[in-house]
Every structure is written in structure tokens, then in C-alpha cells.
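Written out below as C-alpha cells is the structure these notes cover.
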């Protein structure tokens, strides 16, 4: 399967713990996005990478959130000191530079207890 | 006020009906617009792009009115398989920033 993959698919953690999610985009895609989606809402933009550079970051992204794409391929999203309000589906999407269509991964569902 | 607003629905329509969804956006700098479809517990997938001149793809027609900052999606001859949530999307900042609407849920009834 050459689509966008995300790991883990599900994560249950206790409040205050740190979690890290991984996204592997489609191999030739140099643009990568992270989103958060809660029930009944559309995906909420978190951050955008072009190759390894993080070019856009939502004001909604608190200091507890950090994302990296060190080699311009896979990306990680880390949440430190998780809170119950962080419970959501975290989606990753990628695209090529010449296209506008984003291809989404299946998401990582985070539950903070 | 949300940057992209949609009627969340649900819209319950019989098979064969025509249904229209509307979306408004507040950021006049938004450059490009799209409709995505999201099935229950699945990831969003692109349905179609939206142009001022209007575009049609089979039973689906999308339209953009920049003056009114309004986007529409028309589905003709609804099928059961059209049941999903339809997300309106606006891009700004050279496609770097992406804003999704809340989504409109469609249920096509036999």
C-alpha cells in the first residue's frame, strides 16, 4: 500500500504523559499537514511542512505540541503533558508541490484518561 | 465566527433527490476551495475542486461566488452511497494554511 500511513492507530494514555505519533507520507509528496479532528467537527489545521521546513503553525497549537520532519520524509507529532482536551483523532495528509489534492492517512485516535 | 461555516445538517433525503449544500468563508484572502467527502470513521477524500466558473463531475456540481464568499455543492439523483459528511475547504497563504468547515452530514434514505 503506497498511501499515507500513521502509527499508532490508537493510543490511550493517562493525563500528564507524553505521546508521539508518526506519519509516513506518500513517498514523492514533499508537503505534509497535521490536523486534529473531534467528533462532529471538521479537521482543524495544526501545522504544515514543505520538505523539512515547518512553514505554518496554527495559533491553536500550544507549547505542549511540537512537530518535526527531520529529513523531509516522515513526520512526528509530540504532545507533552497530555490533557483530557487533547483527546481527538490526529490526521496527517500529504501532497506534491504541483497539486492541491491532499491525501489523508487513517489517523491516530488519542484517548487521554 | 468560524472562518468556514457550513450547515451541519443532517440532511435526510430520499434516493433520487437533488440536494444542495452551502458554505460561507470569512477570509477574503482565501485562494482555493474544495469539497471533501468523509465517510463515517474514515479519512477525508477529495470530491472536487471549486471554481468561479463552476465545475461539474457527473452528478456533482460545485460553484464559487467570490463576491458573496459563498461555495455550493449540488448533488443530483442521490444514491445511497452518497451518504457521508461533506466538508468545505478553503486554502490561503499559498496553500500553506487550510481551513475545513464543520461538515454537512447527508443521509440518503431508500
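The values are calculated or read from the model by the stated rules, or taken from the named source; none is laboratory data. Keep in mind the model is a prediction, meaning the values are calculated, not measured. Because the Cβ atoms are built from the backbone with ideal geometry, glycine has one as well, and the counts that use them run over all protein chains shown.
Values as computed for the structure displayed
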| quantity | calculated |
| --- | --- |
| Members of the range B:73-82 that are surrounded by fewer than 18 Cβ atoms within 10 Å (Cβ to Cβ) and within 15 Å of the chain's Cα centre (by Cα) | B:74, B:76 |
| Meets criteria (surrounded by 13 or more Cβ atoms within 10 Å (Cβ to Cβ), modelled with pLDDT under 95 and in contact with a strand residue (DSSP E or B) (Cβ under 9 Å, 6 or more places away or on another chain)) for residue B:52 | no |
| Condition met for residue A:30 (more than 10 Å from chain B (Cβ to nearest Cβ) and more than 19 Å from residue A:78 (Cβ to Cβ)) | yes |
| Residue that is farthest from the other protein chains (Cβ to nearest Cβ) [pool: residues in the range A:61-96 that are more than 23 Å from residue A:26 (Cα to Cα) and part of a strand (DSSP E or B)] | A:79 |
| Residues within the range A:45-60 that are part of a strand (DSSP E or B), more than 7 Å from chain B (Cβ to nearest Cβ) and either more than 13 Å from the chain's Cα centre (by Cα) or under 13 Å from residue B:99 (Cα atoms) (or both), tallied | 5 |
| Positions within the range B:26-40 being in a loop (DSSP other than H, G, I, E, B) and within 27 Å of residue B:110 (Cα to Cα), in sequence order | B:39, B:40 |
| Residue among B:93, B:101 that alone is facing chain A (nearest Cβ under 10 Å) and either at pLDDT 95 or above or buried (at least 16 other Cβ atoms within 10 Å of the Cβ) (or both) | B:101 |
| Residue selected from the range A:8-23 under the condition within 26 Å of residue A:94 (Cβ to Cβ) and in a strand (DSSP E or B), by the criterion farthest from the chain's Cα centre (by Cα) | A:13 |
| Residue selected from the range B:55-72 under the condition out of contact with any strand residue (DSSP E or B) (no Cβ under 7 Å at 6 or more places or on another chain) and assigned to a loop (DSSP other than H, G, I, E, B), by the criterion surrounded by the most Cβ atoms within 10 Å (Cβ to Cβ) | B:66 |
| Residue among A:107, A:40 that is at the interface with chain B (Cβ under 10 Å from one of its Cβ atoms), crowded, with 17+ Cβ neighbours inside 10 Å and over 21 Å from residue B:32 (Cβ atoms) | A:107 |
| Matching residues in the range B:1-25 - criterion: being in contact (Cβ under 8 Å) with a residue 40 or more places away in the chain and outside any strand (DSSP E or B) | B:2, B:3, B:7, B:8, B:9, B:10, B:15, B:16, B:17, B:18 |
